[in-house]
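Chemist: If you scroll down you'll find the structure; I have some questions about it.
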Amino acid sequence: KETMRENSNNYQRMLVNLALLYQDQKRYEEAETIYNRAISLKERRLGNRNHPDLAHMLNLLASLYVEMGKNDKVEGLLQEALRIYEKKFGPNHPSYATSASNLGNFYRVQDQLDQAAPLLEQALNIRLQTLGEQHPDVAKSQEDMAIYYWQKKEVAQATALYRQVLAKTESFIRTYFPPMSESEKEKYWDKLRLTFLRFYSFATDFKDQDPTLLTDMYRAHINSKAILLASTNKIKESILQSNDPALIAEYQAWVDGRESLAHFYTYSQEELSDEGINIDSLEQAVNAKEKNLSLKVPELFESQKEYKDILAALSATEAAVDILSFPHYDRQFTDQTIYAFLIADKAHPNQPQMVVIENGNELDDKFFKYYRNMIKALKPDKYSYEKYWASVDALLKGKTTIYASLDGVYNQISLYTLQKPDGKYLVDGQSFVFLTNIKDLLGLKKNTTPASVSKQVMLVGFPTYGNQGKISPLPGTKVEVDNIEKIMKTAGFQTQKLTAEQALEAKVKAVEKPRILHVATHGYFLADPVSTGNNKVFGIDLDKARENSLLKGGILLANAEGALDGENTRQRQNQDNGVLTAFEVSTMRLEGTEMVIMSACETGQGDVKAGEGVYGLQRAFQIAGAKAVIMSLWTVSDQATQELMSLFYKNYVQTKDKVKAFKQAQQQLKLKFKEPYYWGAFVMVGA
């Protein structure tokens, strides 16, 4: 305002951007005031109400009123915007189509379907004529019409349109993902995913009327679940297996750039300024390298998988359970969470069985708190099995092995700890194999592991955190890694151990492709980071930790006390700070590593993102290349953990089957410690 005239377009654009920011922050009254101010300035500058910029502002203000629930103010604004576009461009222009779509959807949400239909149809026809069949706005209009038919309960018309929309959305992913960086893919997927979520609600509503919708839902889900993780891993795998020295060197340069970023994230804003470091520029440079690498990978996506592909991989005594968590859609998204379970087995060759739990909010909150309270209080839990699993279990009779892909709150409970009415736990019956995506089962059954597997076992434990006593030492972890070392050496494995002052962050990050990486130390995850000193959290700039889920969690290694204090002297800036964040873990070279065991408290915690899994150490080790990750869901008992890990490794060297060995270890420990708190804290994801 001090350097521009209020009537200038740039100043007014800045006003609109500020209003959009406040709208995102739900500071609605402030946003409304600014929108009205911007509209007033625009009208004063133009001297009339016939400019497209004004129509754009009217659309934005209408969207704000929709969020605020002031529906009485919406219709007039949208009608005025539509009039402006028609006067300026005529009734066959994409901008006119956008306004027609907005007004039509407003009427649709108000259940004024007779008024909605002609506007939505007009928007679709204009977009088809002016933009072409494959344009994303055409897909949006087709979905608008699908939802319109959904509200009218005309299922056949809605289904036909949704199948077109899903096919186009899959095409958009294949077309637009390759040149994007991971952060760009995440933003783009956040938009596309809404279509999938709406379709899941539609399929759930009408599955009894048209059972083939379940097959459509199954296909859409298994080909999109954890799509960001799959994309990242596919690029890495393709590059490292390319035998192209230049491409691999370019990839390593990108990894080095990410490591530099991780280092500079330990600087405060003042320290960055003092050193003349522009972290935004560094992030943009790393982003550009990543995009360039993505473009050089010839085949990013595998062929789409179908329900029949999963069935073909299952035996008669196996079943696959895919869990979906999504918000219920009723004219618009509601705050009601739905859990749907899609169950595949040989007895149902045409489409999966489905179980729906509609009170998902209670699973996420009230029942989850009850479950965790019973675990921690060492009390019998007579309700959680009924709430979380009984309805699914009823469809799994006669199955001995269950492949399960978790979602939502199911990432935070251990199914094995659920106690059935007869007193037995799930761990006493069927074997569970937990997979990130149920289609990972196909690779698992192919048994593509090379014959010559590394015998290297890397053990990290009992770090010397510092001499101030601010981080409690864990002497039990020394006993743990010493016991594991003896077991594995006796079985012919080669072991390397990093303990005390040698358990340094730099040495752990330098580990490459061991068969097993075992880390026994403190872990942490901060859902809502708060500064521990100097505007930092565990040595990471607080703002960056809040922005990136992989900077909220990690493990503590030697000399970590300085980072906990927020200490960041010039000397410390040139070395690792003893805190290995999940972000740093993601740059490690663990491709081919059979498993990572995080024997630390709450290492399975993270930001749970429906459809993508847990953003924390689990995801970071998967990005690094680990095939399976064992982690804890709650604070663990030192003695019980030592015994569980010793039992696990003894079973593993005998059976060579980590899934079987892990279940056996839990059952054996349960003979000594009855309560799930002791034997059920750890879970394994991957196989």
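The values are calculated or read from the model by the stated rules, or taken from the named source; none is laboratory data. Computed from a prediction, not measured in an experiment: that's the story for all the values here. We place every Cβ from the backbone using ideal geometry, glycine too, and count neighbours over all the protein chains shown. When the accessible area is computed, the model is the full protein with side chains, heavy atoms only, and any ligands, DNA or RNA have been set aside. Shrake-Rupley method; radii C 1.70, N 1.55, O 1.52, S 1.80 Å.
Chemist: Checking the condition open to solvent by 30 Å² or more (accessible area, probe 1.4 Å) and either at pLDDT below 95 or of a type in the set (K, R) (or both), which residue from G461, G423, G408, G476 passes? Talk me through it step by step, then tell me what you get.
Modeler: Numbers: G461 fails: open to solvent by 30 Å² or more (accessible area, probe 1.4 Å); G408 fails: open to solvent by 30 Å² or more (accessible area, probe 1.4 Å); G476 fails: open to solvent by 30 Å² or more (accessible area, probe 1.4 Å).
Among G461, G423, G408, G476, only G423 is open to solvent by 30 Å² or more (accessible area, probe 1.4 Å) and either at pLDDT below 95 or of a type in the set (K, R) (or both).
Chemist: A527 - would you say it is over 21 Å from H263 (Cα atoms), open to solvent by 40 Å² or more (accessible area, probe 1.4 Å) and among the aliphatic types (A, V, I, L, M)?
Modeler: Working: over 21 Å from H263 (Cα atoms): yes; open to solvent by 40 Å² or more (accessible area, probe 1.4 Å): yes; among the aliphatic types (A, V, I, L, M): yes.
In short, yes.
Chemist: Quick check, is E283 under 22 Å from the mean Cα position of the chain (by Cα), among the charged types (D, E, K, R) and assigned to a helix (DSSP H, G or I)? Talk me through it step by step, then tell me what you get.
Modeler: On the way: under 22 Å from the mean Cα position of the chain (by Cα): yes; among the charged types (D, E, K, R): yes; assigned to a helix (DSSP H, G or I): yes.
Judged against the criteria, E283 is a match.
Chemist: Here's a follow-up. Quick check on the range 183-198. Is at least one of its residues open to solvent by less than 40 Å² (accessible area, probe 1.4 Å), over 19 Å from S303 (Cβ atoms), assigned to a helix (DSSP H, G or I) and hydroxyl-bearing (S, T, Y)?
Modeler: Yes; the residues of the range 183-198 include at least one that is open to solvent by less than 40 Å² (accessible area, probe 1.4 Å), over 19 Å from S303 (Cβ atoms), assigned to a helix (DSSP H, G or I) and hydroxyl-bearing (S, T, Y).
Chemist: Oh, and also: Considering only residues that are touching a strand residue (DSSP E or B) at 6+ places or on another chain (Cβ under 9 Å), modelled with pLDDT of 75 or more and outside any loop (DSSP other than H, G, I, E, B), look in the range 562-585 and name the one that is surrounded by the fewest Cβ atoms within 10 Å (Cβ to Cβ).
Modeler: V579
Chemist: Can you name the residue in the range 426-458 that is farther than 20 Å from V685 by Cα, surrounded by fewer than 17 Cβ atoms within 10 Å (Cβ to Cβ) and of a type in the set (S, T, N, Q) and, of all such residues, is modelled with the highest pLDDT? Please lay out each step first, then the result.
Modeler: Restricting attention to the range 426-458, the residues satisfying the condition of being farther than 20 Å from V685 by Cα are 450-456.
Filter once more, so that each one left must be surrounded by fewer than 17 Cβ atoms within 10 Å (Cβ to Cβ): 450-455.
Restricting the remaining residues to those that are of a type in the set (S, T, N, Q) gives 452, 454.
Details: S452: 46, S454: 81.
So, considering only residues that are farther than 20 Å from V685 by Cα, surrounded by fewer than 17 Cβ atoms within 10 Å (Cβ to Cβ) and of a type in the set (S, T, N, Q), the one modelled with the highest pLDDT is S454.
Chemist: May I pose another question? Is there any pair linking a residue in the range 71-90 that is open to solvent by 60 Å² or more (accessible area, probe 1.4 Å) to one that is not in a helix (DSSP H, G or I), with Cβ under 7 Å and at least six apart or on different chains, and which?
Modeler: What qualifies is K87/N50; K88/N50.
Chemist: Related question: Which ones in the range 328-363 are open to solvent by less than 50 Å² (accessible area, probe 1.4 Å) and among the hydrophobic types (A, V, I, L, M, F, W, C)?
Modeler: Selection gives I338, A340, F341, L342, I343, A344, M354, V355, V356, I357, L363.
Chemist: If the Cβ limit is 7 Å and pairs must be 6+ apart or interchain, which residue in the range 43-64 that is touching a residue at least 24 places away in the same chain (Cβ under 8 Å) pairs with which residue that is of a type in the set (K, R) and open to solvent by 60 Å² or more (accessible area, probe 1.4 Å)?
Modeler: Close Cβ pairs (under 7 Å, with a partner that is of a type in the set (K, R) and open to solvent by 60 Å² or more (accessible area, probe 1.4 Å)) amount to N50/K87; N50/K88; P52/K88.
Chemist: Are any residues in the range 37-56 among the aliphatic types (A, V, I, L, M) and open to solvent by 10 Å² or more (accessible area, probe 1.4 Å), and if so, which ones? Before the answer, list the steps.
Modeler: Keep residues of the range 37-56 that are among the aliphatic types (A, V, I, L, M), which gives 38-39, 41, 46, 54-55.
Answer for the range 37-56, where residues must be among the aliphatic types (A, V, I, L, M) and open to solvent by 10 Å² or more (accessible area, probe 1.4 Å): I39, L46.
Chemist: Restricting the search to the range 616-640, which residues are closer than 18 Å to H522 by Cα, out of contact with any Pro (no Cβ under 9 Å at 6 or more places or on another chain) and either assigned to a strand (DSSP E or B) or open to solvent by 10 Å² or more (accessible area, probe 1.4 Å) (or both)?
Modeler: G616, Q618, V629, I630, M631, S632, T635, V636, S637, Q639
Chemist: Does K399 fit the bill of being of a type in the set (K, R), in contact with a Lys or Arg (Cβ under 6 Å, 6 or more places away or on another chain) and buried (at least 22 other Cβ atoms within 10 Å of the Cβ)?
Modeler: no
Chemist: I want to confirm something. Restricting to the range 1-36 and keeping residues that are in contact (Cβ under 8 Å) with a residue 40 or more places away in the chain, closer than 21 Å to I84 by Cβ and surrounded by fewer than 18 Cβ atoms within 10 Å (Cβ to Cβ), which single residue is nearest to the chain's Cα centre (by Cα)?
Modeler: Checking each candidate, the answer is L20.
Chemist: How many of the residues in the range 131-142 are at pLDDT 95 or above and open to solvent by 60 Å² or more (accessible area, probe 1.4 Å)?
Modeler: Counting residues in the range 131-142 that are at pLDDT 95 or above and open to solvent by 60 Å² or more (accessible area, probe 1.4 Å) gives 1.
Chemist: Picking from M14, M57, M4, which residue would you name as being in a loop (DSSP other than H, G, I, E, B), at pLDDT below 95 and out of contact with any Cys (no Cβ under 9 Å at 6 or more places or on another chain)?
Modeler: Numbers: M14 fails: in a loop (DSSP other than H, G, I, E, B); M57 fails: in a loop (DSSP other than H, G, I, E, B).
Of M14, M57, M4, the one residue that is in a loop (DSSP other than H, G, I, E, B), at pLDDT below 95 and out of contact with any Cys (no Cβ under 9 Å at 6 or more places or on another chain) is M4.
Chemist: Of these, A249, A230, A203, which one is among the hydrophobic types (A, V, I, L, M, F, W, C) and under 18 Å from S405 (Cα atoms)?
Modeler: Values: A249 fails: under 18 Å from S405 (Cα atoms); A203 fails: under 18 Å from S405 (Cα atoms).
Step by step, each of A249, A230, A203 is checked, and only A230 is among the hydrophobic types (A, V, I, L, M, F, W, C) and under 18 Å from S405 (Cα atoms).
Chemist: Quick check on my filter: what residues within the range 364-382 are surrounded by fewer than 13 Cβ atoms within 10 Å (Cβ to Cβ) and of a type outside the set (D, E)? Steps first, answer last, please.
Modeler: So in the range 364-382, the residues surrounded by fewer than 13 Cβ atoms within 10 Å (Cβ to Cβ) come out as 365-366, 369, 373, 376-380, 382.
Once the filter is applied, which keeps residues that are surrounded by fewer than 13 Cβ atoms within 10 Å (Cβ to Cβ) and of a type outside the set (D, E), the range 364-382 yields K366, K369, N373, K376, A377, L378, K379, P380, K382.
Chemist: V255 versus (1) surrounded by 13 or more Cβ atoms within 10 Å (Cβ to Cβ); (2) within 30 Å of V392 (Cβ to Cβ); (3) touching a residue at least 60 places away in the same chain (Cβ under 8 Å): which is the lone unmet condition?
Modeler: Among (1) surrounded by 13 or more Cβ atoms within 10 Å (Cβ to Cβ); (2) within 30 Å of V392 (Cβ to Cβ); (3) touching a residue at least 60 places away in the same chain (Cβ under 8 Å), the lone unmet condition for V255 is (2).
Chemist: Counting only residues that are assigned to a helix (DSSP H, G or I) and either free of Cβ contacts under 8 Å to residues at least 24 places away in the same chain or of a type in the set (G, A, S) (or both), which one in the range 143-163 is surrounded by the fewest Cβ atoms within 10 Å (Cβ to Cβ)?
Modeler: Of everything passing the filter in the range 143-163, A156 is surrounded by the fewest Cβ atoms within 10 Å (Cβ to Cβ).
Chemist: How do the helices (runs of 4 or more DSSP H) wholly within the range 316-411 filter down when requiring 3 or more residues that are within 21 Å of the chain's Cα centre (by Cα): which remain? Don't jump to the end; show me each part of the working.
Modeler: On the way: elements: 360-364, 366-376, 384-388, 390-393.
Of the helices (runs of 4 or more DSSP H) lying wholly inside the range 316-411, those with at least 3 residues that are within 21 Å of the chain's Cα centre (by Cα) span 360-364.
Chemist: May I pose another question? Right, F367: within 24 Å of G616 (Cβ to Cβ), of a type in the set (A, V, I, L, M, F, W, C) and in contact (Cβ under 8 Å) with a residue 40 or more places away in the chain or not?
Modeler: On the way: within 24 Å of G616 (Cβ to Cβ): yes; of a type in the set (A, V, I, L, M, F, W, C): yes; in contact (Cβ under 8 Å) with a residue 40 or more places away in the chain: no.
Judged against the criteria, F367 is not a match.
Chemist: A further question follows. Hey, does the range 104-120 have a residue that's assigned to a helix (DSSP H, G or I) and either in contact with a Cys (Cβ under 7 Å, 6 or more places away or on another chain) or more than 29 Å from F206 (Cβ to Cβ) (or both)?
Modeler: Going residue by residue through the range 104-120, those that are assigned to a helix (DSSP H, G or I) are 104-109, 113-120.
From what's left, either in contact with a Cys (Cβ under 7 Å, 6 or more places away or on another chain) or more than 29 Å from F206 (Cβ to Cβ) (or both): none.
No, that holds for no residue.
Chemist: Taking the options S294, S325, name whichever one is at pLDDT below 95 and buried (at least 21 other Cβ atoms within 10 Å of the Cβ).
Modeler: Working: S325 fails: at pLDDT below 95.
Result of the check over S294, S325: S294.
Chemist: Let me ask you something else. Going residue by residue through the range 200-210, is there one that turns out to be without any contact (Cβ under 8 Å) to a residue 24 or more places away in the chain, in a helix (DSSP H, G or I) and either closer than 18 Å to D137 by Cα or over 17 Å from the mean Cα position of the chain (by Cα) (or both)?
Modeler: Yes: one or more hits.
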